[in-house]
Amino acid sequence: MLRAVRGGRAVWAPRGGSGSGSGGAKLGRPLRTAAPQRSDIFRELGPRLSRLGQALRGQLPESEGAWNSLRPHQNSPPPPERADVVVVGGGVLGWSVAYWLKTLENRRHGMRVVVVERDPTYSQASTVLSVGGIRQQFSLPENIRLSLQSATFLRTINEHLWVPNEPPIDIQFQPSGYLFLASEHGAATLEAGVKVQREEGAKVALLSPSQLKAKFPWINTENVAVASYGLENEGWFDPWSLLNAFRRKAMSLGVYSCVGEVTSFVADTADNTPGMPRGVGRVKYVNVRLPDSPEQQPVSCAIVVAAAGAWTGKLLDSATAGLQGSLTLRRLPIEPRKRYVYVWHCPGGPGLETPFLIDTSGAYFRREGIAGNYLGSMSPPEGREPDAGNLEVDHDFFQEEVWPRLAHRVPAFRSLKQVKSAWAGYYDYNAFDQNGVLGPHPQLPNVFVLGGFSGHGLQQSPAAGRVAAELLLHGSCAAVDVGRLAPGRLWGSEPLLEAAIV
Amino acid sequence: MAAALAIRGLRGGRIPPPPHPTGPRRGAASGALQRLGEWFYEVEVVLGWAERLRRRRLRRKNAHYSFIQSLHGHNVAAACFAMSCGGRVRFEGQQRWLCADSRGRWSPEVLQFHHVPVVAVDLSGSQLTYDGLDNFVLLTKLQHLDLSGCPHVDDWALGRLHVFGDSLQELSVARCPRVTERGLATLHQLPKLRCLDVGGLAVQSPGLLRILLEEMLPQCRVLGMEMEEGDPPEAPPELGQPPPPSVTAL
């Protein structure tokens, strides 16, 4: 008979002695108090059964990782066959347009809006890899106004994007302001910019080197002629919370979200009226390739919003498949440019009052948290752009270019030894003039281009999405006049240059 | 709950709960409504309407007193706004605080202070928001500002206080549930600050934050942000009065 004794080891009561034969009231085998060496079926029966139960439950059709042969697309449904607006790209700009289209439509469920995103993990998207700053210190009035309206939106984000039964949205905004330093060479441009910013209603102060040193004693003011400091509505926030908030609210308003890659458009010129110029056509179908399969789903749509960020140029290049008539598109100059961000720890560095500092040389940094971590980088100089094929980080760039400039400006950084972490992300870079592109494509009138913001797309996304939705729904936008940002200028000869690109 | 309040409510003031949009207003009834709202669209829509109504009332309470400002000047307008919020105000050269009576009406004697600057505003426990601060930004001689226990004052509102950089000496944001260390970092724009009360704030690592605040504002006395365990909270004195003599245990 088996008896479970201490240590769990079954002891068979022996019949007869085990060698010593001395008799007496002694058990044949000594009691063990150590852990058993052979596994006992009954001890492990409980855990084994629960693991089996979990494995079985994981195979049920309703659970997350299960695959069901009858419903293979349960977790990522294919796009519908017909839609009114297809938004290509599920970054912050795409979801912002989708949200505003649903908010500003006249009738509830009046439009079917579909957002198509090819990578639901957002591993290469510019939005989530962004440093997350927002500023009004631009030189173009359109940029200043878009940023100001976005700041107001972010301040009242719970009035716009709160969904019932969810916790209130917190984008962790840090209102520390931007500090632009200018040498004698750039002082006039900076002061002209501040004048325009003040006219638009941004609160910016100009500081002389002595005032700068009094306010921020850790700065080395050598070679600084003037500085501009944003007093309100400037700082940095968490881009992921904003993207999630837009996405959740848009989906609660009825926007369809699909995973897939838009491979081509099907456009034709059949709807052209006789007076229209040659080379213009309308998009009838958008071909969406489903994930992990060669299957293509054509989605017929009235309007396409091309908000694919850094890949907008590549998307529109492929837009002429299935074409009738000669429609060769001119190439849209929006392309990905790789930028690095480095995080370092410096215990004696600047304190709580650190703004987002942008040096005369273009290097920038900001504080991250309160434990003495900072993050910063620099845009590579013209002609030395890193290869945008992958997101590998070049640590030598920090050693050779970024750190010397920052250590010169902030002497406390000379003592930093090691970079804690680093990552790379893409700017959706407008190679023509580094400003946003907002408007219908000149050759495809029902394709609305929204991209090319070159590093300030996230901060202008709420307002840019609203402007785009108003242009699509009402034909004109009362708040900001963005006529100058239309894509037509990209093939002209007058770039709309922005002086304060970081 | 009472123990937590006793530790955090340093001045004996009540900590207002953070204003969750569906925060319980009437306890069990609205909790049941919330659960019903998860099941029925109609209830969800009605809850959305209720929330919009609440926001509209808050906006109306924080309206800009531009008419009084154009008639009597910004000092009087600020005083009228403060009193209508349930707060108190003190003018330069006066010893007593002016406030509204129990019915919320303020006396017209405030209109005689047309050119006298306001030096102290007490808005503790009021429903002040970012927009309500429109009424105060033109004050040039404000020295004492008490915003303790205001449930809607957040980091954005603290970012607006830079306009008082030349004059503000005492500031209290104690027990404001929406203020975090991010808003406190903007207070370096107030170099004349001598007394800052930050008790009862929901921050991680209050000890480290206190050290950083003391480094950022070297001439300012920071009250209220103690280490979590071990140190008993010091009872801060009434702002404007000298601190009580400390009692050493024998």
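Hand me the list of helices (runs of 4 or more DSSP H) wholly inside the stretch A:84-190 holding 3 or more residues that are open to solvent by less than 10 Å² (accessible area, probe 1.4 Å) and away from chain B (no Cβ under 14 Å).
Ranges flagged: A:92-104, A:141-155.
From (1) surrounded by fewer than 21 Cβ atoms within 10 Å (Cβ to Cβ); (2) within 30 Å of B:Ala202 (Cα to Cα), pick out the condition that doesn't hold for B:Gln95.
Looking at each condition in turn, B:Gln95 falls short on (2).
Yes/no per residue for (1) farther than 21 Å from A:Lys213 by Cβ; (2) touching a Gly at 6+ places or on another chain (Cβ under 6 Å); (3) open to solvent by 20 Å² or more (accessible area, probe 1.4 Å):
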| site | (1), (2), (3) |
| --- | --- |
| B:Gly183 | yes, no, no |
| B:Leu190 | no, yes, no |
| B:Leu196 | yes, no, no |
| B:Gly200 | yes, no, no |
| B:Leu209 | yes, no, no |
| B:Cys220 | no, no, no |
| B:Glu226 | yes, no, yes |
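Go through the stretch B:112-155 and count every residue that is open to solvent by 50 Å² or more (accessible area, probe 1.4 Å), closer than 13 Å to B:Ala78 by Cβ and without any contact (Cβ under 8 Å) to a residue 40 or more places away in the chain.
Number of matching residues: 1.
Residue check: is B:Pro206 modelled with pLDDT under 95 and over 18 Å from A:Leu352 (Cβ atoms)?
For B:Pro206, the condition - modelled with pLDDT under 95 and over 18 Å from A:Leu352 (Cβ atoms) - is not met.
Picking from A:Val286, A:Val266, A:Val305, which residue would you name as being more than 14 Å from chain B (Cβ to nearest Cβ), under 14 Å from A:Ala98 (Cβ atoms), touching a Phe, Trp or Tyr at 6+ places or on another chain (Cβ under 9 Å) and not in a helix (DSSP H, G or I)?
Going through A:Val286, A:Val266, A:Val305 in turn, the sole match is A:Val305.
Please count how many residues of the stretch A:193-211 are farther than 14 Å from A:Arg135 by Cβ and assigned to a helix (DSSP H, G or I).
Going through the stretch A:193-211 one residue at a time, the tally reaches 6.
Hey, among the residues in the stretch B:33-80 that are over 24 Å from B:Leu145 (Cβ atoms) and in contact (Cβ under 8 Å) with a residue 24 or more places away in the chain, which one's surrounded by the most Cβ atoms within 10 Å (Cβ to Cβ)?
B:Leu47
The values are calculated or read from the model by the stated rules, or taken from the named source; none is laboratory data. Computed from a predicted structure; not experimentally measured. Using ideal geometry, Cβ is built from the backbone for each residue, glycine included, and neighbour counts are taken over all protein chains shown. Surface accessibility is based on the protein's heavy atoms, side chains included, excluding ligands, DNA and RNA. Shrake-Rupley method; radii C 1.70, N 1.55, O 1.52, S 1.80 Å.
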